[in-house]
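*Asks:* I'd like to ask some things about the structure below.
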Amino acid sequence: MRTTGAIAWALLVAAAAAGPGGGAAAQEPAGRTARPFIRATGEATVQARPDRAEIDIGVVAQAPTAQAAAAQNAQQLDAVLAALRAALGPAAGIRTAGYSLYPISRPAREGLPPAIAGYTATNSVHVTTDDLAAVGKAIDVAMQAGANQVQRLQFSLKDEGAARAQALRDAAIKARAQAEVMAGALGLKILRVLSVTEGAPVAVRPFQGAVRAMGPQAPAAPTPVEAGTIDVHAEVTLVVEVAP
């Protein structure tokens with residue numbers, strides 16, 4: 001929580017001391033009728049349990065030729081897709097996220113020029129599921145089936161509306177309380193709210209980043225996944241008209 005009315009306070013004190021007909025006065029931005037005002041900002045954070053997970057899983061295959069690398073990649077990916085569908089069910093969303101096929105260059109050595117030593121084929125799929133309890137299992141079965149990269153895991157809310165609304169309410173209440181404290185300290189009272197400004201919405205999601213696992217073998221133990229909570233943050237700034 002923070003306030004931004006220090007300059008307005010000083011001007012209000014000067015206006016009270018000068019009395020009617022002279023002195024300084026805190027005013028609204030140009031273009032409006034001059035009114036003494038106080039500006040206050042309230043911040044609030046609401047924690048919500050995520051109800052959706054997104055995973056990017058990759059299959060990387062290398063072979064001496066481009067055709068062999070692509071064929072090997074396709075075979076591994078088919079097995080990975082079948083394992084993911086079996087683990088997550090038909091409700092999960094599975095789509096291709098990217099594909100690449102590129103040569104592996106061998107640097108020049110012993111007087112020989114650079115050469116192509118082989119090819120790498122990479123295919124990644126984006127998985128969306130609302131069954132958070134199955135996320136660890138999905139990673140495990142994908143690795144067992146031939147995946148060798150977990151590129152990203154991110155938890156989110158299907159609808160941030162409710163948490164966002166609560167954070168806004170809390171922030172507005174805190175901003176109003178700050179304005180009342182400042183007005184009371186100066187011997188003033190709030191007449192009305194002149195303006196309300198909402199800050200940029202922020203949602204801090206847990207565990208979003210890159211995670212890589214090499215090799216198609218199964219992990220020694222099931223992959224533990226804890227979704228944690230999502231922090232939904234809101235900021236509200238009030239400008240209120242005040243009078244003695």
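*Asks:* Within region 104-118, can one find any residue that is at negative phi, among the β-branched types (Val, Ile, Thr) and not in a helix (DSSP H, G or I)?
*Replies:* Within region 104-118 (the criterion being at negative phi, among the β-branched types (Val, Ile, Thr) and not in a helix (DSSP H, G or I)), the answer is yes, since at least one residue qualifies.
*Asks:* With the structure loaded, tell me whether VAL127 is at pLDDT below 95 and of a type in the set (A, V, I, L, M) or whether it fails that test. I'd like the intermediate steps shown before the answer.
*Replies:* On the way: at pLDDT below 95: no; of a type in the set (A, V, I, L, M): yes.
For VAL127, the condition - at pLDDT below 95 and of a type in the set (A, V, I, L, M) - is not met.
*Asks:* Taking the conditions exactly as written (loosely packed, with under 13 Cβ neighbours inside 10 Å, at pLDDT 80 or above and either farther than 30 Å from ALA145 by Cα or under 27 Å from the mean Cα position of the chain (by Cα) (or both)), does GLY199 satisfy them or not?
*Replies:* Here the answer is no, as GLY199 does not meet what is asked.
*Asks:* Return only the number of the condition from (1) under 23 Å from ALA162 (Cβ atoms); (2) at pLDDT below 95 that ARG212 does not satisfy.
*Replies:* (1)
*Asks:* If a residue has to be in contact with a strand residue (DSSP E or B) (Cβ under 7 Å, 6 or more places away or on another chain), surrounded by fewer than 16 Cβ atoms within 10 Å (Cβ to Cβ) and of a type in the set (A, V, I, L, M) to count, how many in region 98-137 make the cut?
*Replies:* 5
*Asks:* Also, I was wondering about something else. Within region 27-70, how many residues turn out to be at pLDDT 95 or above, over 38 Å from the mean Cα position of the chain (by Cα) and within 24 Å of VAL236 (Cβ to Cβ)?
*Replies:* Count: 0.
*Asks:* Something else: Can you tell me which residue among ALA162, ALA177, ALA172 is crowded, with 17+ Cβ neighbours inside 10 Å and either of a type in the set (D, E, K, R) or out of contact with any helix residue (DSSP H, G or I) (no Cβ under 6 Å at 6 or more places or on another chain) (or both)? Walk me through it before giving the result.
*Replies:* Numbers: ALA162 fails: crowded, with 17+ Cβ neighbours inside 10 Å; ALA177 fails: crowded, with 17+ Cβ neighbours inside 10 Å.
Every option except ALA172 fails the conditions.
*Asks:* Somewhere in region 83-91, is a residue surrounded by 13 or more Cβ atoms within 10 Å (Cβ to Cβ), within 10 Å of ALA121 (Cα to Cα) and in the same structural domain as LYS137 (by TED's automatic domain parsing)?
*Replies:* The answer is no, given that none of the residues of region 83-91 is surrounded by 13 or more Cβ atoms within 10 Å (Cβ to Cβ), within 10 Å of ALA121 (Cα to Cα) and in the same structural domain as LYS137 (by TED's automatic domain parsing).
The values are calculated or read from the model by the stated rules, or taken from the named source; none is laboratory data. All of these numbers come straight from a predicted model, not from anything done at the bench. Cβ coordinates were reconstructed from backbone atoms using ideal geometry, including for glycine residues, and neighbour counts include every protein chain displayed.
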